[in-house]
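Working notes, beginning with the structure itself.
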Amino acid sequence: MAIQALIANLFVLKQITLFGFEVTASDAFAIGSLLGLNFLQEYFSQDDARKATGICFFFLSFFVIVSQLHLFYEPSLHDTSQSAFSAILSASPRLVAASMGVFFAVQQFDIRFFAFLKKSLPHVSFAYRAAITLVVSQFLDTFLFSFAGLYGIVASVVDIILVSFAIKLIVIFSFTTLMRWAKT
C-alpha cells in the first residue's frame, strides 16, 4: 500500500492525453492502495487497516523529507539528472501534502464505510462491498486531490476528475469478479 501511494504521487505529475482529455497517469495505484485497505479489513481487522494507514502516512512523510534533502545536494559538473529530479521533486511537497491530507481523510472514510457495509450487508460478498466502498472513496479521492494537489499545475482539473474517475470505475468493475477469489 505504501509503495502504491508513493508511486501514485510520482506518476500524478505525468500528464497524458487520453481520448482528447488531459489526464494524469496514476489512477491504478490509488485504487490499489485503497483496495489493499479493504483486504486488510476484510481478512484481518479494522485496527490493522488503521495501522497500515499510519505506515503509509509515515512513508509518504519520509519520502517528502528525503526527496527535498536530495535536491539540496550540489550536482557534479558531469551530472545530467539534476534538472529531471528538480522538475519531479520540486512539486512533491505540495503534491504529497495534498495527497497525505486527502489520503488520510479518504482512508478514514473508507475504513468506516467498509465497516458499515460489512455490518449492514453481511451476506453481500466482499467483492461487492469492496466495489461499493471503492467507488465512493475513489470519487472523494479524485475530486479532493484534483483540487488540492493539481489545481494550477495541470491543464484541466475537470478533465482529470472526469476521466480519472471513469478509468477508476472501469478498473473497479473489472476487478470485482476477480476479487471473489481473493481468499481461497
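Here is how the numbers come out for the structure above:
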{"quantity": "Net dipole in debye of the chain [+1 Lys, Arg Cβ; -1 Asp, Glu Cβ; about Cα centre; nearest 20]", "calculated": "660 debye"}
{"quantity": "Accessible surface of the chain [probe 1.4 Å, protein heavy atoms]: carbon and sulfur percent", "calculated": "72 percent"}
{"quantity": "Residues HIS78 and PHE57, FRET efficiency given R0 of 30 Å [Cβ-Cβ distance, rounded to 0.05]", "calculated": "0.20"}
{"quantity": "Choice from THR24, THR80, THR53 showing the highest fluctuation, given a GNM over the chain with Cα pairs closer than 10 Å", "calculated": "THR80"}
{"quantity": "Amide hydrogen neighbours beyond the local backbone of THR24, cut-off 5 Å, H modeled", "calculated": "ILE16"}
{"quantity": "Sites HIS123 and SER90, calculated FRET efficiency, Cβ-Cβ separation with R0 45 Å, nearest 0.05", "calculated": "0.35"}
{"quantity": "Cα-only Debye scattering, the range 98-172: base-10 log of I(q)/I(0) at q = 0.14, 0.23, 0.25 Å⁻¹", "calculated": "-0.48, -1.00, -1.10"}
{"quantity": "Candidates SER26, SER120, SER90: whichever shows maximal mean-square fluctuation once the chain is modelled as a Gaussian network with Cα springs under 10 Å", "calculated": "SER120"}
{"quantity": "Fraction of the pair-distance distribution of the range 27-184 above 18 Å, Cα-Cα pairs, percent", "calculated": "64 percent"}
{"quantity": "Surface per residue (accessible, 1.4 Å probe) for the chain, Å²", "calculated": "54 Å²"}
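The values are calculated or read from the model by the stated rules, or taken from the named source; none is laboratory data. Quantities reported herein were computed from a predicted structural model and do not represent experimental measurements. Heads up, the Cβs are rebuilt from the backbone with ideal geometry, glycines too, and the neighbour counts pull from every protein chain shown. Each accessible area value is taken on the protein alone, full model and side chains, heavy atoms only, with ligands, DNA and RNA left out. Shrake-Rupley method; radii C 1.70, N 1.55, O 1.52, S 1.80 Å.
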